[in-house]
Structure formats: structure tokens, C-alpha cells
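Below: the structure, in C-alpha cells.
The values are calculated or read from the model by the stated rules, or taken from the named source; none is laboratory data. As the structure is a computational prediction, the values presented were derived from the model and not from experiment. Don't worry about glycine lacking a Cβ; one is built from the backbone with ideal geometry, like all the others, and counts go over all protein chains shown. The accessibility values were calculated without ligands, DNA or RNA, using every heavy atom of the protein model including side chains. Shrake-Rupley method; radii C 1.70, N 1.55, O 1.52, S 1.80 Å.
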Amino acid sequence: MDRRVFLQVAGASGVAISGLSCSWLFKKPEAKAIFPAGIPTTCELCPNKCSVVAMVEGGRIRKLNPNPENPKSRDMLCARGNAAIQQVYDPDRLKQPLIRAGARGEGKWRPVSWEEAWDYTAKKLNEVKEKHGPEGTLWASTEGFQEVFFKNLGSAFGSPNIIRHPSLCLASMNLAYSMTFGTVPSFDLLNADYVIMAGANRFESIITPDTMDLIGGLMERKAKLIYLDPRFTVTASKADEWYPIAPGTDLAFILALIHVIIREERYDRAFVDGFTLGFEQLVEHVKPYTPEWAEQETGIRAVDIIRIARNFAAAAPRAVFYAGRRSSWYQNDFQMRRAQAILNAIVGNWDRQGGMVPNQKVPKGEFLFMPWDEPKAPRVDEIEKNFPLAAKGDGVYLPLRENVLSGKPYPVKAWMIYKQDPLHAVPDQGKTLKMIEQMDFVAVIDIAMSDTAWYADVVFPESHYLERTDPIEVMPGIWPAAVLRQQVVKPLHDTKPCLEIVQGLAKRLGLSDYFDYTIDQWVEAEAKELPVPNGLEHMKKHGVVAFSEPKYGATRKADHRFVTKSGKIEIFSERLQEAGQDPLPKYSPPAKVPSGKFRLVLGRKATITHAALTQLPWLHEHNPENSLWLHPESADRLGIQTGDLLEVASSVGRVNIKALVTQEIRPDCVFMLHGFGKKSPWLRAVHNVGAADAVLLETAWDKVSGNAAMHETFVKVAKV
Ligand SMILES: Nc1nc2c(c(=O)[nH]1)N[C@H]1C(S)=C(S)[C@@H](COP(=O)(O)OP(=O)(O)OC[C@H]3O[C@@H](n4cnc5c(=O)[nH]c(N)nc54)[C@H](O)[C@@H]3O)O[C@H]1N2
Ligand SMILES: Nc1nc2c(c(=O)[nH]1)N[C@H]1C(S)=C(S)[C@@H](COP(=O)(O)OP(=O)(O)OC[C@H]3O[C@@H](n4cnc5c(=O)[nH]c(N)nc54)[C@H](O)[C@@H]3O)O[C@H]1N2
Ligand code: SF4
Ligand SMILES: [Mo]
């Protein structure tokens, strides 16, 4: 490829160009020798977990390079991955345990010894347990290699209330694909010829290897990308066709594609007959969903819908309707993702090259620890009763907050938080603050003074990922890998890895027996069953174990049983019907934008992870402040120009933010980046800079999965 073109692409997507080679773009990964002095480890700055080689000189990390041996991350380390160095040497990072000295949020802290922080936390947890039982404690966390120890402490303590990030992120997508195929597959973008993406912003919201595979497919093989998004994202700019679809109407678009494919008999009849259940019901179900009807809903012309349906079916099996990842969009999100899954199923792209492929896993061993008794109380979020199909272990965040605030079914008075910032990640910051206020005790384990940490009673500083060894993690996929995160430098400050923080607490809570192992013993047990000789040595030297070739077709054998009730791919779902939900995805239009208001939509940028990282200098340079995207028509009507200070108000909160007048958004929507308007003065660069979207977002959730619905908020915009 022309190097100039590559640089443009890499620049636009914010993917840092590390080294001079662009081999990660399309080539198969090679087992190249790692730079001699490097220490292989695994990035922790977003969920992708790319393989890194850290260059250390005189005890200081000088540079982070990508590790080409990992086929998931290829030879790529993004801008954020590179900036991890600045987290380690951040003068404002957490350096020792802290106990609150003034009122919550006042910012008066007393640096304390680990013993004091552990003693105090254990005392508070025991007080809550005495009054309310162990279920009076809540344990909240986001994915990370040491998250397992934190969750285990909550369970060993006897609490059923472990709440994780999926119900703010991808719960509806996961559930929809699982209910259809019995598993959540990957999408073979390296080999697909025709890709439809609805609001999956792959060139800004980086997912490995999808981001690299997609750009490779588009540039190298001239694959087609059809992209739907109310915003003109970087992904839209690389697409062959972009449709600024009316927000919340993707389901109408997909149902119309299915309608055309069935009406014109363009589906894969042999696959449908052999592997699926409920096609006849689908035929009847989609009859009313014509392209002309969908045009009225989506704003996409019927002729375009028909053409896309034909091209999609013609390109199958090398055609995919890509699932996306963050599916915390609308209250019918689960049904929209179910329709995607069904569309993919009927063109027979299942388990084919260039199609939708069930994940492979690299096997690893497990460390066997002493099991604890099952908690006696039911979960406070009442997931079993209200969301019987949802993933029980992850919980449902918004219904949980409602129940904690009302004290029903029982009081929850202590909140332990690991690697999560609920004040920004959970819609309606005001309500989350109320939830903090009604707690007797809040403790946060973080690497930085996040806003949630700022409102806590105790802050435990975890060692940075480059300062610790974590469990081996299996990354399932078409190109599966197992990766090790190993210590690169000694902790710079008085910090500890999560396991040691947990062990200090366990000792004081009488739970030591459940945690009587070291990280080295844990990793050793895992490494024993890796499919390479001398697994542990291999991991320490290479950082990764991976299979060299993808496998296709193993689940396309006549006797294959899918992990569904019927053993088939379920187009029609009896389990949904039994649970009182639509067994086939039914369309209902989104709420209309009230006059004088806008729909607030969310998204990302390649140089920010969620609400974090905006304070790191290399990244802050690219993102000094967020602003409110507003279409010129709307701006003219309100007399607003770029740079004007605005007041943006929803039914739950108001913020001030500068305007960015741009054609890159529909006139009925506004958009702002996540990660600004921080309350914590320790996040110096973004403290009171820009605004936090979580202040404006209202409480709404998807009916089947309980996933947060974050695009259902309408806001009023006015010049200050
Ligand atoms: N308004 C709004 N809300 C959202 C989203 C959105 O786009 N907009 N996105 C949603 C999605 S998709 C997701 S996945 C969630 C993510 O929600 P969160 O997991 O809360 O996301 P982050 O903002 O990355 O916050 C992670 C916290 O972990 C800390 N941290 C980072 N590394 C470490 C570590 O090694 N150890 C410890 N102990 N702490 C660490 C960071 O300093 C930060 O405080 O948010 C969801 N909520
Ligand atoms: N750089 C970076 N990469 C990341 C992350 C990060 O924080 N930063 N986070 C990671 C995580 S945890 C996740 S979950 C993924 C998220 O990655 P994605 O799944 O791609 O989700 P978002 O980036 O939130 O983008 C959602 C897009 O949907 C559009 N949209 C809004 N409403 C509609 C609608 O009704 N229809 C359609 N078609 N589009 C709509 C929005 O304008 C936005 O561009 O990214 C991952 N990768
Ligand atoms: S995509 Fe970037 S931030 Fe995420 S794991 Fe990879 S290098 Fe780290
Ligand atoms: Mo996410």
C-alpha cells in the first residue's frame, strides 16, 4: 500500500504508528524475535489487552513497543497504549492509602499505613454485616486481569451483590447472540467482502483485531463497508456508503433487509433448513416490514435498502452485519441485536471464512482455591425475577441503583469498588451521588484519584499494570491468544496489586483461607496447561501463546448441537416466549424528539478510554476539552456559533459546555465526548474542564437484558 495513504488512515483513526512497518495491517502475524532487552507484558488501558514489549533502561520504562507475536493485537499498540508510561510517572497518581478526613467530596485526606486502611475497612464492612447481613455490601468492578480476586472477596464475604460493567456496555448484544447461536461469535473482517456496521465506530472505538482487519479489508481487498450512524465518524469517512440513520430505528432497517432477502429468495436455503429453527414464523413476521415502510422510519431510501439487501446476500457467506460492542443504546436494544443475528443466520455466513465465526480458546490451567458457601440472600437488583434471561453474575446496574436507593428489597450500606468509576460510567451522576451519600461506607481501589475515589471514605492505590504480575488471561476469538501480564518495573510508590490488597482485607475478615496463595503460584498453575512446552517460561519470554491459523466450519456438521434449547440456531425463540418477551424481534418506534430538544448520543475517540486517560499529557494534547456537536441548522436557529458557551439541560441535570457547530451530526441530535467535567482536582488537566455526559443521562434500560439505554435522553440547548 502507498505509505502516504497508510499514514492518512493511521492518523485519522488515531492508531499510533509504532515502528516503520505496517505489517499489522493485513499480514498474518509472525513469530518475530522480540527486541532483546524488552520485557513482554499486556496493556491494561482498554479491554483489548494488546501485547506489549516494555523497554527498560536503568529501572525506568523508556518506551513501549507492540509485540508482533499476538495475532489479536497484531503488531499494533495504539496511542493510549503508548501513553501508559505517563500513568506510571504521573505526579498526580495515587501513591499511598488514604482515609477521608473531611466531609465526603471535600477533598481532605489523611495518608495512612496499609494496616490502618485495611483495619478501618474491615471494621466498617463487619459493622454493615452485623446490621444488615453480608448482602448489605455491594462489590462493583470492571474487567481487568486481577478483577477475579476482588469479586472472590465479595463472594467469600457472603454477598450476592457483585455488579460488573456489562450492563453498562454490551449485555444486550451478548444476550441476543447467545439466545440465537448459543454463543457470541467474532466477525471475520479480515476476509469479509461486504460489511454493514451500525454505530460500531471501529476506527475510533478500537477493537483488536477488528480495527486492523477492517482497514486491511477496505484498502487491500476493496471490501465494501456500509455504515449507519447519526454522526459522521472516522469510520463513516472510510465507508463506501454512510447513512445518518434516524436514531433508534436500526431495527426497522434490519427487518426490511430480512424482508427483501426472503421475498427475493436470496437466503441460504440449505443452511436455513439444516441448522435453524423458526424460519417459517420469520417469513410471516417480516411481511409488513417492507423497504418502503422502513424508509419512513429510518430516513434511508427504499431503493438503497433493497440494493444493500441484494448486495449483502450476493456477497454471503463473506458478508456480515457486524454486531458492534457497546450496545447500551435504547430500550429495545436486545431485539435490535437479535434481528442482526437472524439476518446473519439466514444468509448462512455462520462459521465460514469472511463470515461470523464461533470463538476459539487457547486452553490454560486453573489454580484451585478453597470454595466458599453460596450467599444466602437473593441479589438486590432482583435480576432473577425481572431479567430471568440475563447474565446473573454480572448483575443489572441501573435497576440495582434504583433498589439500593429505595432500600428495597433490603438495605445495602457498604460499597466496594474496583477499577470502575461509577460517577461517570453510570447514567445520572446526581443519582449515583445520592447512592454514595446513603452508604455507611465506600472504598475504591484505583490507580488514579477518579471522581468516585474523590467521594470515597478509603482509597486503596493499586500498583500500575507495568508494576505488577497478573493472572494469565485467555482472549477468545478467530485468532485466540493467552497472554501474561508480568511486572516490568518495581512499584514506584507505596502501592500494591489487587491480590495483596484483597489478602490484607481477607486476613482481617477471617477469610484468609480462601486467598492463601501468591500470584506466582496462581500463574504457574495456569501456565501448566498451556499448549506449549514449558508454558511458564514461554510466557515470560514471549508474553503470549496463540494458534497460528483460524479454524472454520467445525460447527457446520449435521450433528452439531448449538447451545440453545432446541440445539439449533433459534430464529424463533421459545425461551423468549416463555419469559414473556417477543420470540421474534418486533419493531416499536423510538420516542419522538420533543420540539425544541435534541437527542444526546454517545461515542468515543481513539485517544480516550471511557472516562479515563484524558489527563495524560500525550492524550490530553489531542483532547484538551470536550464540546457539544451541533448541526449548523440547529445552531443558526438558536443563534449559536462554535466556541459559544452553552447550557445543556436534561430532566436530571445541567452542564455548561462549548459549542462545536458541525455538519457531521444530524440536526436532531447532539453529541459530546465522555471523560471531561471531572470533579477530582487530582485529575488536573480535566478538572472542571468541559462537561460530563453522565450528569445529563437519564435512567432507562433494555427490557430483556437490563442493559442501560444511554441514547434515550433529550436535552435542551441554549447559549449562556
Ligand atoms: N456516559 C457514558 N457512560 C458510559 C459509557 C459512555 O460512553 N458514556 N460507556 C460504557 C461502557 S461501554 C463501559 S465498558 C463502561 C466503562 O466504565 P468504567 O470501567 O468505569 O470506565 P473507565 O472510565 O475506564 O474507568 C475505569 C477506572 O479504572 C481505573 N483504572 C485503570 N486501570 C486500573 C488498574 O490497573 N487498576 C485499578 N484498580 N484501577 C484502574 C481508572 O483510573 C478509572 O478510574 O462505561 C459505560 N458507561
Ligand atoms: N479508543 C477507544 N476504543 C475503545 C474504547 C474506548 O473507550 N476508547 N472502549 C472499548 C469499549 S469498552 C467498547 S464497549 C467499545 C465501544 O465501541 P462501539 O461499539 O463502536 O460504540 P461507541 O464508540 O460508543 O459508538 C457508538 C456509535 O453509535 C452511534 N449511534 C448512536 N445512536 C445510534 C443509532 O440509533 N443508530 C446507529 N446506527 N448509530 C447510533 C453514535 O453516534 C456512536 O458513533 O469500544 C472499545 N474500544
Ligand atoms: S487498543 Fe490501545 S489501549 Fe487498548 S489494549 Fe491495545 S494498546 Fe492498549
Ligand atoms: Mo464497553
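Annotations for the structure displayed:
- Number of residues in segment 501-513 that are over 30 Å from the mean Cα position of the chain (by Cα) and open to solvent by 40 Å² or more (accessible area, probe 1.4 Å) equals 5.
- One residue from ARG221, ARG301 being farther than 21 Å from CYS669 by Cβ and open to solvent by 10 Å² or more (accessible area, probe 1.4 Å): ARG221
- Residues of segment 335-353 classified as assigned to a helix (DSSP H, G or I) and either farther than 18 Å from LYS703 by Cα or away from ligand 1 (no atom under 16 Å from the Cβ) (or both), total: 11
- Residue count, segment 611-634 (criterion: among the aliphatic types (A, V, I, L, M) and under 17 Å from VAL601 (Cβ atoms)): 3
- Within segment 396-414, residues that are farther than 25 Å from ASN126 by Cβ reach partners that are open to solvent by 50 Å² or more (accessible area, probe 1.4 Å) with beta carbons closer than 6 Å, at six or more positions or on different chains, in the pairs LEU398/TRP701.
- Failed condition for ILE306, given (1) farther than 30 Å from THR564 by Cα; (2) touching an Asp or Glu at 6+ places or on another chain (Cβ under 8 Å); (3) of a type in the set (A, V, I, L, M, F, W, C): (2)
- Considering residues of segment 202-214 that are open to solvent by less than 10 Å² (accessible area, probe 1.4 Å) and not aromatic (Phe, Trp, Tyr) only, the residue farthest from ILE478 (Cα to Cα): ARG202
- Any hit, segment 126-146, residues being closer than 20 Å to ASP702 by Cα, open to solvent by less than 10 Å² (accessible area, probe 1.4 Å), touching a strand residue (DSSP E or B) at 6+ places or on another chain (Cβ under 9 Å) and not in a helix (DSSP H, G or I): no
- The residue of segment 629-684 that is farthest from ILE608 (Cα to Cα), among those that are of a type in the set (Lys, Arg) and more than 27 Å from the chain's Cα centre (by Cα), is ARG637.
- Within segment 67-85, tally of residues that are within 16 Å of ligand 2 (Cβ to nearest atom) and within 15 Å of ILE447 (Cβ to Cβ): 3
- Selection over segment 310-334 of residues that are within 29 Å of the chain's Cα centre (by Cα) and either within 17 Å of ARG202 (Cβ to Cβ) or surrounded by fewer than 24 Cβ atoms within 10 Å (Cβ to Cβ) (or both) gives a count of 13.
- Hits in segment 592-631 (condition: open to solvent by 60 Å² or more (accessible area, probe 1.4 Å) and small (Gly, Ala, Ser)): SER595
- One residue stands out in segment 44-99 among those that are part of a strand (DSSP E or B) and within 16 Å of ligand 1 (Cβ to nearest atom): the one that is surrounded by the most Cβ atoms within 10 Å (Cβ to Cβ), namely VAL52.
- Strands (runs of 3 or more DSSP E) within segment 430-543 that include 1 or more residues outside the structural domain of HIS610 (by TED's automatic domain parsing) and within 26 Å of VAL686 (Cα to Cα): 441-446, 458-461
- All conditions but one from (1) modelled with pLDDT under 95; (2) among the charged types (D, E, K, R); (3) outside any loop (DSSP other than H, G, I, E, B) apply to LYS392; the one that does not is (3).
- Every residue from segment 451-469 that is among the hydroxyl-bearing types (Ser, Thr, Tyr) and either open to solvent by 10 Å² or more (accessible area, probe 1.4 Å) or out of contact with any Lys or Arg (no Cβ under 8 Å at 6 or more places or on another chain) (or both): THR452, TYR455, THR469
- Residues satisfying the stated conditions in segment 641-690, i.e. in contact with a Leu (Cβ under 7 Å, 6 or more places away or on another chain), closer than 13 Å to VAL717 by Cα and part of a loop (DSSP other than H, G, I, E, B): SER650, GLY653, MET672
- Tally of residues being open to solvent by 40 Å² or more (accessible area, probe 1.4 Å) and without any contact (Cβ under 8 Å) to a residue 60 or more places away in the chain across segment 652-672: 5
- Condition check for GLY102 on (1) in contact (Cβ under 8 Å) with a residue 12 or more places away in the chain; (2) open to solvent by less than 50 Å² (accessible area, probe 1.4 Å): one failure, at (1).
- GLY324 within 16 Å of ligand 1 (Cβ to nearest atom), in contact with a strand residue (DSSP E or B) (Cβ under 9 Å, 6 or more places away or on another chain) and assigned to a loop (DSSP other than H, G, I, E, B): yes
- The number of residues in segment 105-119 that are touching a residue at least 40 places away in the same chain (Cβ under 8 Å) and in a loop (DSSP other than H, G, I, E, B) comes to 2.
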